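See below for the structure under consideration.
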Amino acid sequence: MGTNTTYLSNTVNEMFGCNLKSLINWYRVQYAKEVLRRGICRLKDIPFVCGFASKSVFYVAFRKVVGMTPLQYISQSRNPFMIQRN
């Protein structure tokens, strides 16, 4: 990106109020939500399609961002009468 990591980290902290890893994971989870809604691939493949190194890291990040598991999110997405959190 043409800058040093300290500057980038400080800028992300100031602009988004989180660290770079959290910001990247947030974007990955947003993509995962879209993949889940569209049914593009199997649930077991989504962590790797979205750039996560493992399923466990994906599940922790997803729950932190969305407030529910991917399976709960799928169920909610299919039931239009449930109140969405995000």
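The values are calculated or read from the model by the stated rules, or taken from the named source; none is laboratory data. These figures come from a predicted structure and were not determined experimentally. Methodologically, a virtual Cβ is constructed for each residue, glycine included, from the backbone with ideal geometry; neighbour enumeration extends over all protein chains shown. To get the accessible areas, we keep the full protein, side chains included, count just its heavy atoms, and leave off ligands, DNA and RNA. Shrake-Rupley method; radii C 1.70, N 1.55, O 1.52, S 1.80 Å.
Here are a few things to note about the model shown:
- Convex hull of alpha carbon positions in the chain: directionally averaged projected area 6.5 nm².
- Å² per residue, accessible surface of region 5-56 at 1.4 Å: 69 Å²
- Residue 16 - accessible surface, heavy atoms, 1.4 Å probe, Å² rounded to 10: 120 Å²
- Accessible carbon and sulfur surface of the chain relative to its total accessible area, %, 1.4 Å: 57 percent
- Net charge over other residues, Cβ less than 13 angstrom from the Cβ of residue 27 (K, R count +1; D, E count -1): +2
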